[in-house]
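The structure appears right after this line, and notes come after that.
Bear in mind that the values in this text are calculations on the coordinates, not laboratory data. This one's a predicted model, so the numbers in the text were calculated from it and none came from an experiment. Positions of Cβ are backbone-derived with ideal geometry, glycine not excepted, and every protein chain shown enters the neighbour counts.
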Amino acid sequence: MDITIGKKIRELRRARELTQEELADKLGISSQAVSKWENGTCYPDMEQIPVLAGFFGVSLDMLFGYDVKQMDEKVEELIMDAKNWFWRDIDVCMNKYLDALKSYPGNEKLLTQLLEVYLQRSSAVGDDFYNKAFELATQISEDTKDIFLCMRTKSVLINLYSRADDYGKMKEIIGTLPEVYPYMLRDKMRKSSYVLKGEDRLKWAKEWKIIEIQELYISCDMEGQGYYEIGKYEEALNSFSQYRRVIEVFLKTDKISLDSYLWAGMQTHHYCAYLREAGCLLKLGRKEEAKAKAEYAYYIISHAWISEDGSEDYFNNEADHEECMTPFRQYYSEWGLDELGPCPW
């Protein structure tokens with residue numbers, strides 16, 4: 001075996017900013033073994049070669065006859081298999097990821113999927129899976145060189161700190177994120193929309209449009225909530241009106257129905273915009289206007305899950321009706337509308 005293998009391991013380890021002890025810990029071996037590899041005293045066993053290639057994410061074909069592309073394909077197969085169990089039996093799903101990590105230690109794709117499992121399993125701050133999610137998210141965000149994966153795992157940490165009501169830590173982590181996702185990144189969606197033609201352009205432009213509409217109305221909503229929280233109710237009302245108007249500009253039909261919305265879930269934002277406007281109007285002493293807004297919010301929820309021809313109706317089924325109305329009543333109270341009287345619906 002070529003003597004440059006040890007030098008290559010040292011080079012890759014240093015590029016990942018790992019000590020010999022840290023690399024050994026991630027691979028489940030002794031630090032003495034790593035030291036011997038790097039100084040040429042001995043070499044990795046043959047079964048450790050693909051593990052090393054996978055861990056460092058490099059092709060060692062010429063040195064070891066191992067194809068990292070094949071490893072990536074195998075990892076994707078393992079992930080797809082485990083995902084099939086996520087909602088059926090999450091313990092089976094979790095154990096599949098843990099078993100896969102024995103063959104591919106430190107693989108960031110597998111670790112990220114395992115993080116999703118831990119989040120799903122965690123039920124309260126401080127429970128075992130909450131702690132595992134916290135530790136794994138911290139590990140990935142500190143180790144990864146992938147900016148998008150780093151942002152994703154930091155977002156998980158922010159959500160975990162939010163559960164713990166630790167506003168200071170949330171703000172601290174947010175301060176380490178890029179100010180804004182780079183608009184000029186030219187991902188597949190944007191590049192296809194710009195330079196492809198006909199059906200190829202249309203496919204991606206439609207998807208891009210949906211994302212941008214969501215970003216716009218959600219930013220209006222967040223601005224409104226910020227104004228509301230500092231007591232600037234006129235400004236909040238203006239932002240929430242923009243939130244509502246953006247949604248209504250892109251309704252597909254004039255009549256409110258299941259067919260009016262570009263995607264499932266847009267209905268919830270639509271009625272929430274009216275409830276938020278009602279909350280601001282109430283703060284401004286405009287009680288009758290607030291009542292009218294709340295009533296129209298109910299009109300939306302009672303029609304937005306029924307198709308125009310009546311062939312689909314997700315509101316009159318008792319279970320679906322309650323699934324819709326439970327958050328509606330919650331938002332009604334959260335925005336102070338109990339001052340109008342208890343939610344009548």
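Observations, loosely collected:
- A dipole drawn for segment 161-292 from +1 and -1 charges on Cβ atoms has a positive end, and of ALA292, TYR194, SER219 the residue lying farthest that way is TYR194.
- At 1.306 mPa s and 10 °C, Stokes diffusion of segment 134-200 via Kirkwood alpha-carbon radius, µm² per second: 114
- Of the residues SER192, SER162, SER260, the one with the fewest other Cβ atoms within 10 Å heads the list, and the complete ranking is SER162, SER192, SER260.
- Working note: Karplus 6.51/-1.76/1.60 with θ = phi - 60° gives segment 245-251 the couplings 5, 4, 4, 6, 4, 9, 5 Hz, where Gly and Pro are set to x.
- Averaging Cα coordinates gives a centre for segment 250-310 and one for segment 182-234; these two points are 21 Å apart.
- When +1 charges are put on Lys and Arg Cβ atoms and -1 charges on Asp and Glu Cβ atoms, the dipole computed for the chain relative to its Cα centre reaches about 1080 debye.
- For the chain, the equivalent ellipsoid derived from the alpha-carbon gyration tensor has semi-axes of 50, 23, 20 Å in decreasing order.
- Contact order normalised by residue count of the chain, Cα under 8 Å, 6+ apart, percent: 7
- Counting all C-alpha pairs of segment 80-183, share separated by more than 23 Å (%): 30
- Longest segment of the chain lacking GluC sites (Glu not before Pro) that sit in a DSSP loop with at most 10 other Cβ atoms within 10 Å: 180-345
- Computed helical MRE - 222 nm, the chain, DSSP H runs ≥ 4 contributing -39500 (n - 2.57), nearest 500: -22000 deg cm²/dmol
- Lysine pairs meeting the criterion (Cα under 24 Å, 8 or more apart or interchain), as found in segment 80-183: 21
- Positive-end residue of CYS93, SER307, ALA236, charge dipole of the chain with Cβ unit charges: ALA236
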